[in-house]
Structures are given as C-alpha cells and as structure tokens.
Amino acid sequence: MEQLFFYIFALVAVVSAVLVVSVRNAVHSAFYLIICLLQVAALFILLRSPFLAAVQVFIYVGAVMVLFLFAVMVLDIGKEKTKEFIHSQWLPAVGVIIALFVMIGYMIKRGKLSASLGIYNEAALAKNTEVIGKTLFTQYIFPFEVVSLLLLVALIGAIVLVMKDKGRARKNNGAGS
Amino acid sequence: MDIWALLVIPLIVSVFIALVTRKNEELSSYLSIGAVVIGFLIVLPYLLKLPGDPHMHPIEQAFTWISIKGLKIEMGTLIDPLSIIMLFVVTFVGSLIHIYSKGYMHGDPGYSRFFACLSLFIFSMLGIVLSNNLIMIFVFWELVGLASYLLIGYYFEKPSAADAAKKAFLVNRIGDFGFILGIFVIYYATGTFNFIEVEHHIAAGHVSSGTLTLAALLIFCGAVGKSAQFPLHVWLPDAMEGPTPVSALIHAATMVAAGVYMLARTSFLYAAAPDAMVIVAYIGGFTALMAALIALAQSDIKRIIAFSTLSSLGYMVLAIGVGGTGAGMFYLMTHAFFKALLFLGAGSVIHACHTNEIWEMGQLYPKMKTTAVTFFLGSLAMMGVFPFSGFWSKDEILSATFQSGNYFLFAMGILTAFITAVFISKLVVVTFFGDKKYHGHPHESPKVMTIPLIILSVFAVVAGFAGFPGLEPNFGTFVHTAGAALGEHGAHAEHHFNFMVASLSTIAVLGGILLGWSIYSRKGMKSDVMAERLPFTYKFLENRFYIDHIYDTYFVAWIYNGLAKILNYIEVNIIIIFIINGSAYTVRQIGKGLRLTTTGQLQNYAFVMVGGVLVLMIIFAAIL
Amino acid sequence: MLTIFHYLILSFLLFSIGVAGVLLRRNIIIVLMSLELIFNSVNISLAAFSYYLQSLNGTVFVIFNITVAAAEVAIGLAILVSVYRVRKTVNVEDLDEMRY
C-alpha cells in the first residue's frame with residue numbers, strides 16, 4: 001500500500017519536474033512546479049514527517065510559488081520561441097548531465113548504510129511536531145536564530161533592491177517625456 | 001646592558017635620521033653627535049677602571065643568533081682591555097669628528113644624510129670592536145664597508161667620488177673573500193667561532209701548524225683590504241674624495257684601524273703561526289716604506305696625509321708581525337689622535353682656501369693661527385719627535401722589531417721614519433710658511449671646528465705617556481694580558497725601553513726634518529724642486545709606483561673586456577631575453593588564453609562547477 | 001517494502017532534472033525554478049536519511065533548507081526585477097556585462 005503511494009507520488013513528481021524544465025511558458029512551468037512540490041510534501045508524510053509536509057505546503061506552495069507567479073506577471077513574459085528556449089551550451093551540458101546521472105546512480109548503487117541508528121524510531125515520531133520543536137529550540141537554537149536573522153536580511157534586501165530610486169526615476173521620466 | 005646600548009643607540013639614531021628627521025638638519029646633527037657622545041660616556045667608566053685592574057677578566061655577553069644542527073652562531077660582546085681601548089679611541093675621536101663635521105659640513109645639501117651615514121658607521125665600527133666571535137666581526141666588517149662606501153661616495157654626483165667609492169668597496173671585497181675563507185678554516189679546525197674558545201683550542205695544541213698558518217694568512221687578507229696594505233692599498237688614497245671629516249674618521253682613526261684591531265684580536269693565532277707572522281711583518285714594512293716614498297711626490301694636502309696614513313698602517317701591521325701587539329695597538333691609539341688632528345687641520349685649511357693643492361697655499365700661519373699651531377703639533381707627533389705621542393709609540397714598534405732580530409725590517413722602519421719626517425716637514429713648511437700663493441681671503445674656521453682640533457692636539461701631545469716605560473701598569477700591560485698566556489715573545493719588548501733604538505730613530509727624524517726644511521723653505525719656489533732635480537724618480541713616485549696603472553691595464557681591463565663581455569652576453573641573451581622576457585611572455589600568453597574563460601555567461605560557470613563536482617565524484621569513486 | 005534507496009533514486013532523478021534546467025534553459029525565471037527543484041531533491045534525501053537513521057538532524061536541516069530557499073527566492077526575484085527594469089530581458093545569455 002505504502003509502496004503504491006510512493007510510486008504514484010514519485011512518478012508524478014518526476015513527470016512534473018521534467019515538464020517544469022521543458023515547457024516554454026513560464027506560467028505553466030510554475031504550475032508544474034507546484035504539482036511537483038506537492039508530491040514532495042506527500043513524500044514527507046510517507047517519511048513520517050507531517051510537520052515537514054505542512055511547512056513544505058505553506059512555504060513553498062504558498063509563499064514561494066506565489067512569489068514566482070507574481071514575478072512572472074510583473075515581468076510580463078509570454079511564450080518563448082524555440083531559438084530563445086535552449087541555452088547555447090546545450091551540447092556539452094547534456095553530456096555532463098548524463099555523466100552526472102550515471103555517476104550518482106553508480107554511487108547510490110554502491111552505497112551502504114553504516115551509520116548507527118538514533119533514538120527517534122517510529123513510536124517516538126508519533127508526536128512529530130512536538131519532537132521537532134523541542135529539538136529546534138534546544139539543540140539547534142543558535143542556527144535557528146541565525147536563520148531567522150538571515151530571513152530578516154533577505155526581507156530588507158529584497159525591499160531595497162526592488163524599491164525605485166526616486167531621484168533616478170524622476171530623471172528617467174524626464175528623459176522619457 | 002650598557003654595552004648593548006652602546007651598539008644600539010647609533011643604529012636607532014641612524015635609522016631615525018634617515019626616516020624621520022631628515023628634513024630637520026639641525027636636529028639630525030644633534031642626534032648623531034648625541035649618540036656618539038653617549039657612547040663615549042658609556043665607555044669612559046670602563047676606561048677609568050682599567051688602570052686599577054689591568055688584568056681584568058674579560059666580560060662576555062652573548063645570545064644565540066643562529067642555531068641549526070651542527071652550527072651555532074652567537075651575537076655577543078666581549079669587553080677586555082683591548083676592546084676598551086679601541087672603544088675609547090672610536091667614541092672619543094668619533095665624538096670630536098662629529099662635532100667638527102657640524103661646522104665643516106654646514107650648508108651642505110645632504111647634511112642629514114651625512115650624519116645618518118656617520119651614525120651607521122659608528123654603529124658598525126663599534127660592532128667590530130665589541131664582537132666576540134668571527135662571524136659577528138665579519139658581519140660588522142661588511143657593514144663598515146657599506147658605511148664607508150656611502151661616505152666616500154657622499155658627493156655621488158661627482159664621477160670621481162662615485163668611482164672612488166666603488167673602488168674602495170670592490171678592493172675591500174677581495175680582502176674580505178680571504179677573510180671569510182680564513183674564518184671557515186678556523187671553524188673547520190676548531191668547531192667554534194668564539195675568540196676565547198678558539199684561543200683555548202689553539203693553546204691546547206689541537207690545531208696543526210699548517211692549518212694555523214693558512215688560517216692566519218687568510219684572515220690577514222681581510223686586514224690587508226681594510227687596513228690598505230700593499231697589494232690592496234690602492235683604494236685608500238682615492239677614498240679622499242669623501243668629505244674631510246670622513247677621511248679623518250674612517251680613513252685615519254677608525255675603519256682602517258679595524259684591520260689592525262682584528263689582527264690584535266686574533267693575535268693568539270699569529271703567535272702560534274710564526275711563518276705567517278714573517279709575511280705579515282714584511283708586508284707591513286714594505287707598505288710603510290712604499291707609502292712614505294709615494295707621499296714625497298704628492299702635492300694634494302689630503303693625499304699626502306692619506307699616504308702617511310698608509311705608512312702608519314704599515315707600521316702597525318709590522319708591529320703585529322713582529323709580535324708587538326701592544327706596540328701596534330699603542331701606535332693605533334696615538335695615530336688615531338694625531339692623524340685625525342692632521343686631517344681635521346687639513347680640512348680647516350681646505351675650508352679656508354677652497355683648494356687641496358699645497359702649492360696654492362703658503363703663508364697661512366698668520367691667517368689661521370689655531371689651525372696652524374695644532375697642525376704643527378700633530379705633525380711633530382706624526383714624525384715622532386721626543387716627547388710627543390708618536391715618539392713613544394713608534395719607538396715601541398721599532399724596538400719590538402729590533403728585538404725580534406729582523407734587522408732588515410728594522411732598517412726599513414728607520415728609513416720610513418726618516419722619509420716621513422721629510423715629507424711632513426715639506427707639508428708644514430709649504431702650507432703654512434712658504435711664499436704666499438693663495439687667492440682670496442682665507443680666514444680661521446669657526447669655533448665648532450677649532451675646539452676639536454685643540455682637544456685632539458692635547459691628546460696628540462700627551463697620549464704617548466700612557467706607554468711611558470717607567471709607568472706601571474702602562475699601555476703594554478693592558479693589551480698583553482690577553483696574549484700573555486701564550487708567552488708571546490713581543491711581550492718582552494714592550495717593557496724594555498731600548499736607548500739605542502730611540503736615539504737612532506730620533507736621529508733619523510731630526511735628519512729628515514732638517515732635510516725637508518732646508519729644501520722646501522727656500523724663497524720663490526713655485527712647485528716641487530724634486531720634480532726638476534730627479535724628474536724620473538719623481539714621476540715614478542707621483543704615479544704611485546705605477547701600481548694603480550698596472551691594475552688598471554691588466555686586471556681591470558681584463559675584467560672589463562673579457563669577463564664583463566661574457567657576463568653581459570649571458571645577461572642580455574639568457575637572463576633578459578630568455579628568463580625575464582620569456583617568463584613574462586609565457587605568463588601573458590597563458591593570461592590571454594585564460595581570459596577567454598571569463599565569458600560573463602552565468603550558466604557557463606554553473607556548467608564548469610557541475611563538471612568539477614563530477615570530476616571529484618569520479619576521483620572519490622576511484623579511491624573507494 | 002520501501003527502502004532508503006527508493007527515496008535516494010527519486011532524489012537523484014529530481015536533482016539531475018534540476019541541473020539540466022539550470023544548465024539548459026535561457027529564461028532566468030525557469031533557472032530559478034530549477035534551483036528550487038534541486039533544493040527539493042536534497043530535502044527529500046535529507047528527510048529520508050533522517051527517517052531511516054532514526055535521527056532528527058536531517059529533519060531540522062530540511063527546515064533550515066526551506067528557510068534559506070525562501071530567502072534565496074526573495075532576493076533572487078528582487079534582483080531579477082531590478083535587472084529587468086534596466087535591461088528589459090530575462091534571457092540569461094544577454095546578461096553578460098561581466099565578461100572579458
């Protein structure tokens with residue numbers, strides 16, 4: 001049963017991911033990405049991490065993708081022509097990607113799990129959110145603070161970058177008219 | 001601690017002047033004078049304690065400078081009677097010359113540079129005197145060479161001065177090459193550089209006599225260069241291109257004496273190598289005689305004194321060579337006083353007349369009485385007239401020579417004394433008393449110049465009594481405490497005043513004065529009579545035995561035309577074209593190629609990054 | 001029975017697709033989206049490791065990863081908008097001022 005769900009989710013995720021990078025319309029890409037991210041959220045549930053799944057849906061599907069769609073709208077990008085579609089370095093890039101594919105596959109096939117098991121077995125993960133919260137606010141409190149600071153910086157940075165410089169804007173207007 | 005201060009203060013002052021106070025000339029000169037006077041004040045207590053404790057135990061302070069497996073080099077100071085006396089001479093004469101320079105160099109555009117160089121020189125000279133091992137003495141030896149290069153070439157815009165500086169530097173390097181080889185021989189034989197330890201090794205008879213002779217001769221090479229002995233003497237007369245105080249400080253009182261000091265410092269080595277001592281003595285005696293003869297035919301006031309310096313240095317080396325280390329050091333001290341006096345007096349005269357040519361002076365006595373009187377006293381000391389200082393010190397050298405049993409060298413010494421008397425009286429007579437030939441209005445120099453002259457003249461007159469035979473302990477006692485352990489035979493000579501020798505030298509000197517006076521005090525003489533009477537000899541002497549000429553024609557020309565051409569070819573074709581231009585070209589071509597990788601295409605960079613990760617993965621997979 | 005290899009294979013498929021998007025597409029917005037794909041593939045393997053090793057470290061890391069990704073997208077899109085204002089293009093190949 002679980003295996004069946006896994007295969008469904010995985011198949012949908014891979015197919016939508018391929019579509020993300022292959023369709024010409026950026027808006028369509030964004031929608032396929034949403035589908036892909038939702039499958040990932042479902043996989044998190046299979047991995048007994050409903051908290052992660054919730055975070056994935058809220059932040060990725062909710063916030064990030066809205067941001068993407070917003071950007072696509074603002075930038076007013078339509079369908080692309082074929083010659084604008086593929087980067088000029090496609091031939092070597094495809095070679096490298098295939099090599100990478102083969103290499104990672106080989107590594108995974110050779111890999112063995114040898115690390116010792118921790119204490120969070122299936123029973124302990126029953127109260128998933130509570131456990132994660134405790135870990136986050138005890139053991140990982142410092143990285144947590146750093147990351148929150150990073151978010152603040154990103155927030156301010158994004159505003160500063162997008163804000164129109166009044167003086168320059170006026171000059172541009174003057175030049176335009 | 002104070003000993004290290006002695007060494008460090010002049011260095012700091014030199015650097016400070018060069019970097020900070022260069023613009024402020026007054027301050028620079030006061031700093032430099034202050035440094036050397038402080039040095040003198042540090043030395044003074046040691047000197048005053050010396051008569052009470054003539055057999056003082058050497059004070060050695062050292063720290064390890066370089067320590068690697070199988071080689072340990074120290075930086076250290078050694079205070080014993082020998083170094084105290086030398087320190088006294090250097091700092092005392094140095095102080096007076098610094099003060100004199102303040103007046104002499106007044107208004108010169110490179111005033112601060114001059115004082116920075118002087119302080120550097122004092123630093124290096126004190127380093128030589130203080131050092132307790134051969135490597136350290138060599139380091140400071142080279143620093144002295146550098147300082148003297150800077151000072152001789154002080155008027156570097158004048159080609160002759162630049163050439164003279166170059167010549168002094170290069171000729172000294174020849175001697176230094178031998179010196180460092182000698183140091184290596186000693187290290188090879190004894191395994192240490194430290195003077196006291198080397199002395200113990202030699203005293204214990206660990207070193208074969210052949211090795212000792214070789215080491216002694218090689219080290220003597222260094223002294224030949226620095227103290228301007230016969231084959232390498234050519235730089236000293238040319239070095240008179242520097243300012244006169246430099247000539248007084250470096251080429252009379254201190255630097256050239258460094259060679260003699262070094263010989264005295266290593267006298268234990270010479271005492272153990274009699275064969276080497278004979279050669280040293282002959283070179284010294286020959287230099288003394290040759291320089292005196294050449295001085296006869298010179299007409300430049302500084303050159304005459306320069307050749308007399310050569311002659312005196314020959315005397316000192318002769319003294320070392322016959323085992324009279326004490327006599328040599330004693331002569332070194334008195335010579336420092338009267339020769340510095342003569343040079344400074346000459347500087348005063350040049351300052352007044354604006355010429356070096358003695359045939360363009362004459363009748364200066366009424367115009368500049370202080371200079372004339374002090375110069376006159378210095379001349380008497382130089383000639384060795386009883387009871388001036390030169391008499392006592394020269395007498396000790398002559399009696400040491402006499403007692404060593406080498407009567408040929410003794411005759412050379414007496415002859416040198418005679419000739420010295422002739423040309424010094426010529427110098428005095430023509431410059432101060434002969435017919436008036438100067439132009440303009442010469443006048444007495446300022447006080448800052450005459451006061452050092454007066455102080456020096458006092459010492460030139462009385463310093464000889466330090467070696468007065470009746471005195472106990474007298475000068476010889478101090479210097480001989482170090483070498484006495486080895487039973488140096490010269491030590492006996494010091495204490496016995498030889499009446500026969502003294503009267504012989506006095507007769508020679510008085511004869512010389514009479515001869516010089518009678519020839520050169522005639523009225524209406526425009527140039528040297530010797531040139532008219534003995535034209536061939538005069539020419540020969542005037543051209544300094546053609547030694548410089550021979551060097552120029554054979555060695556220098558050979559080096560210029562042969563070696564220099566080969567080296568030039570190598571430099572132009574191999575070094576410049578191949579190595580320098582080649583490496584630059586290669587780097588530029590590589591750069592041109594690599595420049596193309598900066599495409600500005602973001603995804604090219606990402607592509608390369610992924611490729612790099614791929615390569616790392618392949619390496620990882622291959623290793624595991 | 002599901003093993004960790006299932007998840008890892010899925011993760012590396014998504015990763016390769018993401019890399020392909022980054023290297024091959026010209027539209028800068030698609031490139032950014034491909035970056036998100038790569039982030040997600042890494043998140044999957046982190047979560048899988050966390051689950052199969054019975055440890056929480058991977059899970060916590062995924063949270064941090066998502067946060068960083070959010071910040072990255074915010075900044076990236078902001079830069080994109082300001083670049084677009086000046087250059088009126090989203091074609092990466094046209095943005096080559098920093099070349100030789």
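The values are calculated or read from the model by the stated rules, or taken from the named source; none is laboratory data. This is a predicted model, so every value here is computed, not measured. FYI the Cβ positions are ideal-geometry reconstructions off the backbone, even for glycines, and counts take in every protein chain you see. Note: areas computed on protein heavy atoms with side chains; ligands, DNA, RNA excluded. Shrake-Rupley method; radii C 1.70, N 1.55, O 1.52, S 1.80 Å.
So, by mean Cβ neighbours within 10 angstrom, what's the order for C:45-52, B:116-123, A:116-123, B:4-11 with the highest one leading?
With the highest mean Cβ count within 10 Å placed first, the list reads B:116-123, C:45-52, B:4-11, A:116-123.
What per residue convex hull volume, in Å³, comes out for the stretch B:1-107 when only alpha-carbon positions are used?
With only Cα atoms used, the stretch B:1-107 gives 124 Å³ per residue.
Starting from the Cα-Cα distance between B:Trp517 and B:Ile451, subtract it from 0.36 nm times their residue separation and give me the gain in nm to one decimal.
Contour length minus the Cα-Cα distance gives 20.9 nm.
Please compute the average number of Cβ atoms from other chains found within 10 Å of each residue's Cβ in peptide C:39-49. Present the calculation step by step, with values, prior to reporting the outcome.
Working: counts 4, 11, 3, 0, 7, 7, 1, 2, 10, 4, 3.
For this peptide, the per-residue mean of nearby foreign Cβ atoms is 5.
Just how many % of Cα pairs in the protein assembly as shown lie over 45 Å apart, if you round to the nearest whole percent?
Roughly 52 percent, once rounded to a whole number.
Could you tell me what a quarter of the Cα convex hull surface of chain A works out to, in nm² with one decimal place?
Averaged projected hull area, Cα only: 16.3 nm².
Please compute the contact order of chain C in relative form: average sequence separation of alpha-carbon pairs under 8 Å and at least six residues apart, divided by the residue count, as a percent.
Numbers: 75 pairs, mean separation 27.7, N = 100.
Once divided by the residue count of chain C, the mean separation gives 28 percent.
For chain B, with the dipole built from +1 on Lys and Arg beta-carbon atoms and -1 on Asp and Glu ones, taken about the Cα centre, which of B:Val428, B:Trp141, B:Thr254 lies farthest toward the positive end?
Sorting the options by dipole projection puts first B:Val428.
Please compute the average number of Cβ atoms from other chains found within 10 Å of each residue's Cβ in peptide A:2-11. Walk me through the numbers before you get to the answer.
Values: counts 2, 3, 0, 1, 4, 3, 0, 1, 8, 1.
Taking all residues of A:2-11 together, the mean is 2.
At 0.36 nm per residue, and after removing the present C-alpha to C-alpha distance, how many nm does the segment from B:His443 to B:Tyr569 gain when stretched out fully?
The B:His443-B:Tyr569 span can extend by a further 39.8 nm.
Considering only Cα-Cα distances, which of the following residue pairs are longer than 24 Å: B:Lys369/B:Lys447; B:Lys426/B:Lys539; B:Lys226/B:Lys339; B:Lys102/B:Lys369; B:Lys369/B:Lys539; B:Lys226/B:Lys565?
Values: B:Lys369/B:Lys447 13 Å; B:Lys426/B:Lys539 18 Å; B:Lys226/B:Lys339 17 Å; B:Lys102/B:Lys369 21 Å; B:Lys369/B:Lys539 34 Å; B:Lys226/B:Lys565 29 Å.
Beyond 24 Å: B:Lys369/B:Lys539; B:Lys226/B:Lys565.
Express in whole angstrom the spacing between the alpha-carbon centres of the stretch B:8-28 and the stretch B:200-247.
Cα centres, the stretch B:8-28 to the stretch B:200-247: 32 Å.
Could you state the orientation-averaged shadow area of the convex hull built on the Cα atoms of the stretch B:208-331, in nm² to one decimal?
Values: hull surface 26.6 nm².
One quarter of the hull surface, i.e. the mean projection, equals 6.7 nm².
Once the piece of chain linking B:Ser160 and B:Val15 is laid out straight, how much longer is it, given 0.36 nm per residue of separation minus the C-alpha distance between them?
Value of the extension gain: 49.4 nm.
Highest mean first, how do B:382-391, B:125-134 rank when packing is the count of other Cβ atoms within 10 Å averaged over residues?
Most protected by this proxy first, the peptides run B:125-134, B:382-391.
For the stretch C:27-93, I need the span (max minus min coordinate) of the C-alpha atoms along each principal axis, in Å, sorted largest to smallest.
Largest first, the stretch C:27-93 extends 50, 18, 10 Å along its Cα principal axes.
Please give the calculated 222 nm ellipticity per residue for chain A, where each DSSP H segment of at least 4 residues contributes -39500 (n - 2.57) and the sum is spread over every residue; nearest 500 deg cm²/dmol?
Result for chain A, helices only: -23000 deg cm²/dmol.
Under a plain spin-label model, where a point goes 7 Å from the Cα along Cα-to-Cβ, how far apart in nm are B:Ser208 and B:Val8?
4.6 nm
Place +1 on the Cβ of every Lys and Arg and -1 on the Cβ of every Asp and Glu in chain B, take the dipole about the Cα centre, and give the residue among B:Ala621, B:Val185, B:Gly222 whose Cα lies farthest towards its positive end.
My answer, from the dipole projection, is B:Ala621.
Note the per residue figure in Å³ for the convex hull of the C-alpha positions in chain B.
Spelled out: Cα convex hull of chain B, divided by residues, is 217 Å³.
If you plug each phi of the stretch B:38-43 into the Karplus form 6.51 cos²θ - 1.76 cosθ + 1.60 with θ = phi - 60°, what whole-Hz ³J(HN,Hα) values come out, in order, with x for Gly and Pro?
Once θ is set to phi - 60°, the couplings for the stretch B:38-43 become 4, x, 4, 5, 5, 6 Hz.
With θ set to phi - 60° and the Karplus curve 6.51 cos²θ - 1.76 cosθ + 1.60, what are the ³J(HN,Hα) couplings of the stretch B:172-188 in order, to the nearest whole Hz, using x for Gly and Pro?
Coupling constants for the stretch B:172-188: 5, 4, 4, x, 5, 4, x, 4, 6, 4, x, 4, 5, 4, 5, 5, 4 Hz.
Which order do the peptides A:137-149, B:201-213, B:409-421, B:221-233 come out in when sorted by mean C-beta neighbours inside 10 angstrom, highest first? Present the calculation step by step, with values, prior to reporting the outcome.
Details: A:137-149: 12.3, B:201-213: 15.2, B:409-421: 23.8, B:221-233: 25.5.
With the highest mean Cβ count within 10 Å placed first, the list reads B:221-233, B:409-421, B:201-213, A:137-149.
Using only the alpha-carbon atoms, how far is helix B:499-520 inclined from the longest principal axis of chain B? Give it as 0 to 90 degrees, nearest 10.
90 degrees
Might you report the magnitude of the Cβ-based charge dipole of chain B about its Cα centre, with Lys and Arg at +1 and Asp and Glu at -1, to the nearest 20 debye?
Working: 33 positive and 33 negative charges, 302 e Å.
The calculated dipole for chain B is roughly 1460 debye.
Mind giving me the nanometre distance, one decimal, between the label points for B:Ser67 and B:Ile507, set 7 Å out from Cα along Cα→Cβ?
It is 6.3 nm.
Once you place label points 7 Å from the Cα toward the Cβ at B:Ile547 and B:Asp108, how far apart are they in nm?
About 2.7 nm separates the two model spin labels.
What whole-number distance in Å separates the alpha-carbon centres of the stretch A:131-167 and the stretch C:5-22?
Computed from Cα coordinates, the inter-centre distance equals 28 Å.
List, in order, the whole-Hz ³J(HN,Hα) value for each residue of the stretch B:371-378 obtained from phi through the Karplus relation with A = 6.51, B = -1.76, C = 1.60 and θ = phi - 60°; use x for Gly and Pro.
Once θ is set to phi - 60°, the couplings for the stretch B:371-378 become 4, 4, 5, 5, 4, 4, 4, x Hz.
Which whole-angstrom value gives the distance between the alpha carbon centres of the stretch B:132-150 and the stretch B:570-613?
If you average the Cα positions of each part, the centres end up 46 Å apart.
Of B:Thr77, B:Thr64, which has the most accessible area with a 1.4 Å probe, and how do the rest follow in descending order?
The residues order as B:Thr64, B:Thr77, largest area first.
Answer with one residue from C:Tyr7, C:Leu35, C:Val60: the one whose Cα lies farthest towards the positive end of the charge dipole of chain C, charges on Cβ with Lys, Arg +1 and Asp, Glu -1.
Positive-most Cα among the choices belongs to C:Leu35.
From other protein chains only, count the Cβ atoms within 10 Å of every residue's Cβ in A:110-120, then give the mean. Walk me through the intermediate numbers first.
Numbers: counts 2, 3, 0, 6, 0, 4, 3, 4, 7, 3, 8.
That works out to 4 on average.
Set the Förster radius R0 to 45 Å, insert the Cβ-Cβ distance between A:Val27 and C:Arg99 as r into 1/(1 + (r/R0)^6), and round the FRET efficiency to 0.05.
It comes out at approximately 0.90.
If you count the DSSP beta bridges with both ends in chain B, what percent of them are antiparallel, to the nearest 5? Spell out each step's value before the answer.
Numbers: 12 of 12 bridges.
Looking only at bridges with both residues in chain B, the antiparallel portion is about 100 percent.
Mind pulling the angle between the C-alpha long axis of helix B:301-321 and the longest principal axis of chain B? Nearest 10 degrees, somewhere in 0 to 90.
Relative to chain B, helix B:301-321 is tipped by roughly 90 degrees.
Go ahead and estimate [θ] at 222 nm for chain B from helices alone: -39,500 (n - 2.57) per DSSP H run with n ≥ 4, summed, over the residue count, rounded to 500. Could the numbers behind the result be given before it?
On the way: 28 runs with 428 residues, N = 624.
Counting only the DSSP helices, I get -22500 deg cm²/dmol.
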